[in-house]
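See below for the structure under consideration.
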Amino acid sequence: MSEFLQNCGSWGVFATLAAYALGVLINRKTRLAIFNPLLMGSIFMIVFLRCFAIPYADYSASAAPVNWLLAPATVSLAIPLYEKWDLLEKNVGAILAAILAGVITSLGSVLVMAHVLKMAHANAVTLLPKSVTTAIGMDIAATLGGTAALAGAVIILTGIAGSLLAETVCKVCHITHPIAKGLALGTSAHAVGTSKALEMGEVEGAISGLAIAVAGVLTAVLAPVAANFLP
């Protein structure tokens, strides 16, 4: 198998797409939120790599084109925001305040957890950007002395958790305003949460896309400050 894969330079791309497609199929058949396509696809790839004893470095190099699409995919979220630009102009103050509150809460939760669990500094800074998109969060973690790969995994898990719990949290907390839903998902669950926000509605998706960008910038600025208070 290893020899075959070495002769097929793009096997990582095809394997990734196949794993995700299988996850989508299972999600549609079961109609259960827990079978999130991204989560299922990740599990399938882990099992595949383990079964055939394929080093992660080999898979990462082969699947690099998929990573290259991450930034353009994130930027494309600006399209629904442009279509709802009037909402942004009318609510800009409340929107920015909500995103700032979300970023501070995210960083603060890591600070509390790090002190309670007595985490090593390198592990704690890896968790600081858990709620921003992978393209930004991995760079933040690496810059602060954390592990970029681990940060990526934590960010993905955070997004999946936010997507799965979104509707339940909104019902329990009586969050009904579309702008509030979009802000909550974009600030706490980045791109994965935004995909869920788009399912809820156009306004939710547009505002969530804005929250991703603003939360990413604020986290990049505030994370180094928060790192000074870590153990």
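Worth a mention:
- Filter result for ALA148 (more than 18 Å from the chain's Cα centre (by Cα) and either modelled with pLDDT under 90 or more than 11 Å from ALA215 (Cβ to Cβ) (or both)): no
- The range 186-208: number of residues that are farther than 19 Å from GLY152 by Cα and either of a type in the set (S, T, N, Q) or part of a helix (DSSP H, G or I) (or both): 12
- Selection within the range 71-86 - surrounded by 14 or more Cβ atoms within 10 Å (Cβ to Cβ) and either out of contact with any His (no Cβ under 9 Å at 6 or more places or on another chain) or modelled with pLDDT of 75 or more (or both): LEU77, ALA78, PRO80, LEU81, LYS84
- Restricting attention to the range 143-154, the residues that are among the β-branched types (Val, Ile, Thr) and out of contact with any Lys or Arg (no Cβ under 6 Å at 6 or more places or on another chain) total 2.
- Scanning the range 174-231 for residues that are free of Cβ contacts under 8 Å to residues at least 40 places away in the same chain, over 14 Å from the mean Cα position of the chain (by Cα) and under 23 Å from TYR20 (Cα atoms) gives GLU199, MET200.
- Condition broken by ILE179, with the remaining ones in (1) closer than 26 Å to PRO65 by Cα; (2) crowded, with 16+ Cβ neighbours inside 10 Å satisfied: (1)
- Residue count for the range 42-67, restricted to those that are buried (at least 18 other Cβ atoms within 10 Å of the Cβ) and not hydroxyl-bearing (Ser, Thr, Tyr): 4.
- Failed criterion for GLY145 (all others in (1) over 13 Å from ALA220 (Cα atoms); (2) surrounded by 15 or more Cβ atoms within 10 Å (Cβ to Cβ) hold): (2)
- Residues of the range 116-142 that are out of contact with any helix residue (DSSP H, G or I) (no Cβ under 6 Å at 6 or more places or on another chain) and within 21 Å of ALA64 (Cα to Cα): ASP139 alone.
The values are calculated or read from the model by the stated rules, or taken from the named source; none is laboratory data. Because the structure is a prediction, the values reported are computed rather than measured. For neighbour counting, all protein chains shown are included, and Cβ atoms are generated from backbone atoms with ideal geometry for every residue, glycine included.
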